[in-house]
Amino acid sequence: MANEARPCPCDIGDKFEHEGQGEEIQIEHIKAYVCKPKSSTDKAIIVVQDIFGWELPNTRFIADLLCAHGYIAICPDFFVGKDPWKPTDDWSVFPEWLKSRQATNVGKETDVVLKYLKEQCHVKKIGVIGFCWGGTVTHHLMLTYPELKAGVSFYGIMLDQASRYNLLNPTLFIFGELDPVIPLEQVTVLEERLKEHTKVDFEVKVFPKQTHGFVHRKKEDINPEDKHYINEARKNMIDWLNKYIN
């Protein structure tokens with residue numbers, strides 16, 4: 001989730017009407033959505049879902065966007081068949097629901113995806129992005145897997161422990177100024193700790209007047225003021241990946 005201490009308000013946002021350009025496949029014990037560019041490439045991005053799961057059209061839209069920029073994009077079911085959260089679910093049971101979907105307990109699935117990309121897709125350069133719960137996963141993976149050359153974490157944050165700030169490769173963190181779950185004080189602490197412990201490139205960027213989920217859960221044509229920030233954040237993602245996955 002967005003913040004390990006509080007439930008995330010992921011019911012706030014829009015569901016995109018997007019038909020994926022890729023296909024669903026089975027990789028060992030998990031399913032995944034994969035979109036491949038027309039031209040061959042040795043670059044891939046793992047796209048990590050929010051609490052609404054790997055089938056959410058919004059997340060597949062982002063995967064297709066990455067594919068359009070020349071990457072193989074893969075969005076695995078990191079919940080491994082367990083039900084995703086639904087907007088109609090009772091938030092009082094969210095902490096219990098989350099116990100079997102810990103953001104730091106994705107090693108087995110990550111290993112499977114990396115093996116698939118390397119052996120079946122002949123990928124040599126891999127990055128990862130993620131939203132909310134997936135943003136926390138991204139942060140965790142960038143502390144754990146040196147073969148992930150770059151990461152972009154959207155509105156996901158881990159609690160204050162020194163071991164969570166020694167990033168292995170360049171990572172971009174994106175937040176919204178008005179996110180009710182991730183207060184700016186936490187973002188400030190994150191940036192300060194990264195400066196203390198991280199030796200690789202990183203950036204922490206806060207977008208004015210934006211709320212939780214703005215990059216992948218807002219339709220950019222609803223509010224003209226939001227559109228600029230949504231598009232800028234998506235461009236920042238592409239630019240970051242292009243810079244470090246080469």
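The values are calculated or read from the model by the stated rules, or taken from the named source; none is laboratory data. What you see is a predicted model; the values in this text were computed from it and never measured. So basically every Cβ, Gly included, is an ideal-geometry build from the backbone, and we count neighbours across all protein chains shown. Heads up: the accessible areas ignore ligands, DNA and RNA and are worked out on the full protein's heavy atoms, side chains in. Shrake-Rupley method; radii C 1.70, N 1.55, O 1.52, S 1.80 Å.
Taking into account only those residues within the range 118-140 that are part of a helix (DSSP H, G or I) and in contact (Cβ under 8 Å) with a residue 60 or more places away in the chain, which is surrounded by the fewest Cβ atoms within 10 Å (Cβ to Cβ)? In this case the residue turns out to be Thr136.
Among the residues of the range 61-77, are any over 15 Å from Ile129 (Cα atoms) and within 17 Å of the chain's Cα centre (by Cα)? Reasoning before the result, please.
We begin by selecting, within the range 61-77, every residue over 15 Å from Ile129 (Cα atoms); these are 68, 70.
Cutting the leftovers down to within 17 Å of the chain's Cα centre (by Cα) gives us none.
Within the range 61-77, none of the residues are over 15 Å from Ile129 (Cα atoms) and within 17 Å of the chain's Cα centre (by Cα).
A search for C-beta distances below 6 Å between a residue of the range 67-94 that is in a strand (DSSP E or B) and any residue that is open to solvent by 40 Å² or more (accessible area, probe 1.4 Å), counting only pairs 6+ apart in sequence or on different chains, returns Ile72/Lys36. Would you confirm, using the coordinates I've provided, whether Asn246 is open to solvent by 60 Å² or more (accessible area, probe 1.4 Å) and assigned to a helix (DSSP H, G or I)? Considered against the rule, which asks whether it is open to solvent by 60 Å² or more (accessible area, probe 1.4 Å) and assigned to a helix (DSSP H, G or I), Asn246 comes out as no.
Taking the criterion of being surrounded by 14 or more Cβ atoms within 10 Å (Cβ to Cβ), among the acidic types (Asp, Glu) and modelled with pLDDT under 90, the residues of the range 200-237 that qualify are Glu220, Asp226.
How about the range 46-62: which of its residues are touching a residue at least 60 places away in the same chain (Cβ under 8 Å) and touching a Cys at 6+ places or on another chain (Cβ under 9 Å)? So that I can check it myself, show each step before the final result.
As a first pass, look at the range 46-62 and keep what is touching a residue at least 60 places away in the same chain (Cβ under 8 Å): 46-51, 58-59, 61-62.
Hits for the range 46-62 are Ile46, Val47, Val48, Gln49, Asp50, Ile51, Thr59, Ile62.
Taking the range 93-117 on its own, how many of its residues are open to solvent by less than 90 Å² (accessible area, probe 1.4 Å) and not hydrophobic (A, V, I, L, M, F, W, C)? Lay out the reasoning, then the answer.
Initial filter on the range 93-117 (open to solvent by less than 90 Å² (accessible area, probe 1.4 Å)): 93-95, 97-98, 100-104, 106-107, 109-114, 116-117.
Narrowing the set further to residues that are not hydrophobic (A, V, I, L, M, F, W, C) leaves 95, 100-102, 104, 107, 109-111, 116.
Adding up the residues that qualify gives 10.
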